2 protein chains.
Amino acid sequence: MYEEEFEQAVVQEDDKFLQDPIIRQMVIQLRAMDGYGTYDTWSDARVLDPLILTKARRKAIPVIGDPDETVISRIKAFYNAISQLIERETGLLVVPVINITHEGFGRVLIVVGKLVAFDKILRDVHRFGFDSLEVLAGDAQKIVQKAAALVNEHRVVAEL
Amino acid sequence: MYEEEFEQAVVQEDDKFLQDPIIRQMVIQLRAMDGYGTYDTWSDARVLDPLILTKARRKAIPVIGDPDETVISRIKAFYNAISQLIERETGLLVVPVINITHEGFGRVLIVVGKLVAFDKILRDVHRFGFDSLEVLAGDAQKIVQKAAALVNEHRVVAEL
């Protein structure tokens, strides 16, 4: 777990992006996967903090590395949250399919009916993170909008 | 590897389905994944033999079990071969996405462009097999035809 290396939190308790719908959904997803109850006493800001990789933090992560369970759960939380928001936008059931190898490569597909609303090859999974909560929310929002537009364009296939 | 338990081969060297295009493609896929060269001295019939589960063979496999590498490679060979044949039918690039957990559950998606041409939830992966080569070829052929029909129906999405 990289958070042990981060002595200073970068996400402030009053970061206004903590109220962003996609960030709120990510917190829900992260807490849902927290089987050992580690996050029970943590604030939302603290739960999200390890996802924010400043330059200094990035430097501290080895270039090559195997992703651990914690990083994989963050990636799942990210794409699950995105899927939830695509559901809200489209009113259709959205299924995220996330495949990550032990070596840290992977693939994400977000499927709506018979439509692949989003797909991406993942690399360097152990370095998954964002410059700030604002960037995280912005990146996620872009994916939601693009996927929802594709669903609306090919609604017949998305409803199959 | 279950084949060690099968004293008697059920696939005969002159089985006419050894010439079936999908069966031939399966042999190619199985040999391609055979990293240790186990199949180098084996006939096609012998390579395929463990995929044929007669009643007696099925009985010998525990109801609950974890899938080993060999079984997983057979499932991959099956869906890779199907993907190859969908490519030939449609002229489009076909990507199989196969996700199998250690517990033997899984999911197969066959993706063409932005179209999910086929998808299936896998269960009891350690018991993967067919009554005969004829049944294997028939089942595969049905998937190819159905997927190719879907691609042709939604060609715009499949070409995205």
For region B:52-75, pairs from a residue that is under 26 Å from residue B:35 (Cβ atoms) and hydroxyl-bearing (Ser, Thr, Tyr) to a residue that is at pLDDT below 85 and part of a loop (DSSP other than H, G, I, E, B), with Cβ under 7 Å and 6 or more apart or across chains, are B:70/B:1
Please go through region B:101-142 and pick out each residue that is without any contact (Cβ under 8 Å) to a residue 40 or more places away in the chain, surrounded by 19 or more Cβ atoms within 10 Å (Cβ to Cβ) and either β-branched (Val, Ile, Thr) or away from every other protein chain (no Cβ under 12 Å) (or both). B:104, B:108, B:110, B:111, B:116
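Go through region B:143-160 and give me each residue that's open to solvent by 10 Å² or more (accessible area, probe 1.4 Å) and more than 14 Å from every other protein chain (Cβ to nearest Cβ).
B:143, B:145
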Give just the number: which of (1) at pLDDT below 95; (2) within 14 Å of another protein chain (Cβ to nearest Cβ); (3) open to solvent by less than 10 Å² (accessible area, probe 1.4 Å) does residue A:97 not satisfy? (3)
Of the conditions (1) farther than 25 Å from residue A:119 by Cα; (2) modelled with pLDDT of 90 or more, residue A:35 satisfies every one except a single condition; which number is it? (2)
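The values are calculated or read from the model by the stated rules, or taken from the named source; none is laboratory data. No experiment lies behind these values; they were computed from the predicted model shown. Don't worry about glycine lacking a Cβ; one is built from the backbone with ideal geometry, like all the others, and counts go over all protein chains shown. Areas reflect the complete protein model, heavy atoms only, side chains present, ligands, DNA and RNA absent. Shrake-Rupley method; radii C 1.70, N 1.55, O 1.52, S 1.80 Å.
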